[in-house]
1. Given the options B:Ala35, B:Ala5, name the one that is of a type outside the set (D, E, K, R), in contact with a Lys or Arg (Cβ under 9 Å, 6 or more places away or on another chain) and on the phi < 0 side of the Ramachandran plot.
2. Of the conditions (1) within 11 Å of another protein chain (Cβ to nearest Cβ); (2) farther than 25 Å from B:Gly21 by Cα; (3) touching a residue at least 40 places away in the same chain (Cβ under 8 Å); (4) surrounded by 19 or more Cβ atoms within 10 Å (Cβ to Cβ), C:Ala23 satisfies every one except a single condition; which number is it?
3. For C:Ala95, are the conditions met, namely being touching a residue at least 12 places away in the same chain (Cβ under 8 Å), under 23 Å from B:Ile4 (Cβ atoms) and within 13 Å of chain B (Cβ to nearest Cβ)?
4. If you scan segment C:79-105, which residues turn out to be farther than 22 Å from C:Ala23 by Cβ and in contact with a strand residue (DSSP E or B) (Cβ under 9 Å, 6 or more places away or on another chain)?
5. Consider C:Thr57 carefully, then state whether it is hydroxyl-bearing (Ser, Thr, Tyr), over 23 Å from B:Ile110 (Cα atoms) and within 12 Å of chain B (Cβ to nearest Cβ).
6. Looking for whichever is at pLDDT below 95 and of a type outside the set (Ser, Thr, Tyr) here; the options are C:Asp117, C:Asp54. Which one fits?
7. Out of everything in segment C:33-71 that is in a helix (DSSP H, G or I) and in contact with a Leu (Cβ under 7 Å, 6 or more places away or on another chain), what residue ends up being surrounded by the most Cβ atoms within 10 Å (Cβ to Cβ)?
8. Residues of segment B:10-29 being under 23 Å from B:Ser70 (Cβ atoms), outside any strand (DSSP E or B) and not polar (S, T, N, Q), which ones?
Amino acid sequence: MRPIARLGGNAINARVVIHGGIAYVSGIVADDKSADVAGQTRQILARIDGHLADAGTSKYRLLSATIWMSDMSKKDDLNKVWSAWIDPANPPVRACVGAELSSATTLVEIMVTAAID
Amino acid sequence: MRPIARLGGNAINARVVIHGGIAYVSGIVADDKSADVAGQTRQILARIDGHLADAGTSKYRLLSATIWMSDMSKKDDLNKVWSAWIDPANPPVRACVGAELSSATTLVEIMVTAAID
Amino acid sequence: MRPIARLGGNAINARVVIHGGIAYVSGIVADDKSADVAGQTRQILARIDGHLADAGTSKYRLLSATIWMSDMSKKDDLNKVWSAWIDPANPPVRACVGAELSSATTLVEIMVTAAID
């Protein structure tokens, strides 16, 4: 059996699960929810950078991303921050859709997978 | 080519797809939709236990979970049942967001992946 | 390190990412958004056929599909087109939920993965 490593998180979910050369990262939200969409997205991507580093990988090896926004009319604000973060030579596949999130001030949630080996 | 096994389901979707040592399970809803969020979540997790067993794995080898709820204000009700089911040493990564589901009485839908080998 | 191939798309997302014998396809929407749910679904599935072919695979090796609809009351319209497209011997796992999509006329978005090797 190939091993499974679980990093961080709590009894509800791991922050990162590693299996078969892939890092799966939980849906990440911003810590400071007083920030706007751009600010929350920046916080989330910085957290994802950290989680990917913990897993021994980086944004340069992203495979897929699912993004949920509480207000899709703010998608351009998200995309500006996203585009500045993504390596344009190595973008993941992506879906971005609207959804009610875990609190009224949670504006963005992002879940990614990345290759390790 | 690595083989693909498809278990259960119908002409629209398989219940479980197995490939490359991973079991992919379809989004599962409760059979008895008169139940509340806690009751529907219990039914779903019991069905997922069965599907994982059919695939030769179990909740102890979960990789990821996506949870959709028709009313995110009931997330605590879901989490109580979820936490009692999950092995706290082996939680998957997870995202839980609000969404309109397939009927007005469908309160929760859960889609998971788990490692087999 | 196993190689990652990225096909099409732009600096925000690749259209297809290939890694570890799996093709990940971005969430696909219809080009002609004046079409109804059935028409948009047909356009999307034709685009997915093309993306899978580019990746060296096909709908016969689908693993999973996530479908978002702006109006779940039209799910039967989607399912008719979906069922006619899917190989009934080789359906993927699937979840289909409601979500606000990227424009008011975007009625359906579909994201799939498929096995290559």
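1. B:Ala35
2. Result: C:Ala23 passes all but (2).
3. yes
4. Residues satisfying the conditions are C:Asn79, C:Val97, C:Gly98, C:Ala99, C:Glu100, C:Leu101, C:Ser102.
5. yes
6. Unique residue meeting the criteria: C:Asp117.
7. If we take residues in segment C:33-71 being in a helix (DSSP H, G or I) and in contact with a Leu (Cβ under 7 Å, 6 or more places away or on another chain), then C:Gln40 is surrounded by the most Cβ atoms within 10 Å (Cβ to Cβ).
8. If the condition is that a residue be under 23 Å from B:Ser70 (Cβ atoms), outside any strand (DSSP E or B) and not polar (S, T, N, Q), then B:Ile12, B:Arg15, B:Gly27, B:Val29 are the ones that fit.
The values are calculated or read from the model by the stated rules, or taken from the named source; none is laboratory data. Treat the numbers as computed from the prediction; the structure is a model and nothing was measured. Ideal geometry is used to build each Cβ from the backbone, glycine not excepted, and the neighbour counts take in all protein chains shown.
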